[in-house]
Amino acid sequence: MRASSAGVAPGGIGCTRTSVGVREAEPPPPPILANPRTSTITPNAAASAIHVQAGTARQTRARRGIVSSVEVGGYSEGVGYDSGNGYVYVTNNEDFVSVISGTNVVATIPVGFSPFGVVYDSGNGYVYVANAGSDSVSVISTTADFRISPSPTSLTVVGESSLCEGRSIVCEDEASTSIGVSGVNGFMGNVRLTASVSPGDGSLIVYCRPPSILVKPGETSNAKCTVEPEISPASPATYVVTIRVTNGSLSHSITIPVVVTPATTR
């Protein structure tokens, strides 16, 4: 609406009315999120992207500038900042939330129809997403963790044979299990795998490759842990292998029974 203008007439108080017109109201500008630690992030619904600006509130406008444009879904109108993990949550019209760390999208989380608003509750660590199209609120837990699972869960391997040393024949004197690590509640980070064996007399070697893997929210990353006997026992010998996966203070472990059988001697 174009408002009338008012003023003071010479010699007294009066009001001079100009024309009044009505026009379609323009939509409000998209919300702006201020990250108190690093940057200012401005959603751009039309371009399906948000812009990351360098600078803090104390810096002048002239010193600020866009350092990156992060591609997300269409009509990214809602933005929330999680001060607990430093992530930014952006709603998209494709019914999911983009999770941004720095200038990278690290996860997409399905929510309800047409998510519009998003807010982080520092008291309980939850992110609440208002879904305009389904009249619902999606609650995202940000208490990040991970789970591990081996496949197979036990191993049987033939002991070391002198027939395999220095020869071109194939000997099955090693066995492996795949260790899957899955992020829970938006967990993202590098986890380190370490292996130990009991009895630890050096008769069975255990190692994991790669020793460190990156785990992303909603995905499963894998490493291979291999056992190699250094002896051929006279009768089947049983070992217990422990695989520990750690990320900072988070740590989980699993045990895998391993049976080493005698190797052939001819």
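What follows is calculated from the coordinates using simple rules that are stated; it is not laboratory data. As the structure is a prediction and not an experimental result, all values here were calculated from the model. Ideal geometry is used to build each Cβ from the backbone, glycine not excepted, and the neighbour counts take in all protein chains shown.
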Legend entry - Rounded, prolate or oblate (a/c below 1.5 giving rounded, otherwise prolate when a/b exceeds b/c) for the range 169-266 by Cα gyration tensor: prolate
Legend entry - the range 146-261 - share of DSSP beta bridges that are antiparallel (%, nearest 5): 90 percent
Legend entry - At R0 = 25 Å, FRET efficiency that the Cβ-Cβ distance of K224 and D201 yields, to 0.05: 0.55
Inset, instruction - Quick one: which residues, 5+ away or cross-chain, put their amide H under 5 Å from the amide H of T156? H built at 1.01 Å from N. - result: V259
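How long is the gain from T255 to D121 if the chain were fully straight, where each residue apart is worth 0.36 nm and the alpha carbon distance is subtracted? Before the final figure, lay out each step's value.
Values: separation 134, 0.36 × 134 = 48.24 nm, distance 3.76 nm.
Taking T255 through D121 to full extension adds about 44.5 nm, to one decimal.
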Legend entry - the range 249-257 - phi-based ³J(HN,Hα) in whole Hz, Karplus 6.51/-1.76/1.60, Gly and Pro as x: 7, 7, 8, 9, 9, 9, 10, 10, x
Inset, instruction - In nm, give the distance between the simple-model label positions of S149 and N185, each being 7 Å from the Cα along the Cα-to-Cβ direction. - result: 2.0 nm
Legend entry - Sites V240 and I66 - FRET efficiency at Förster radius 51 Å, r taken between beta-carbons, to 0.05: 0.40
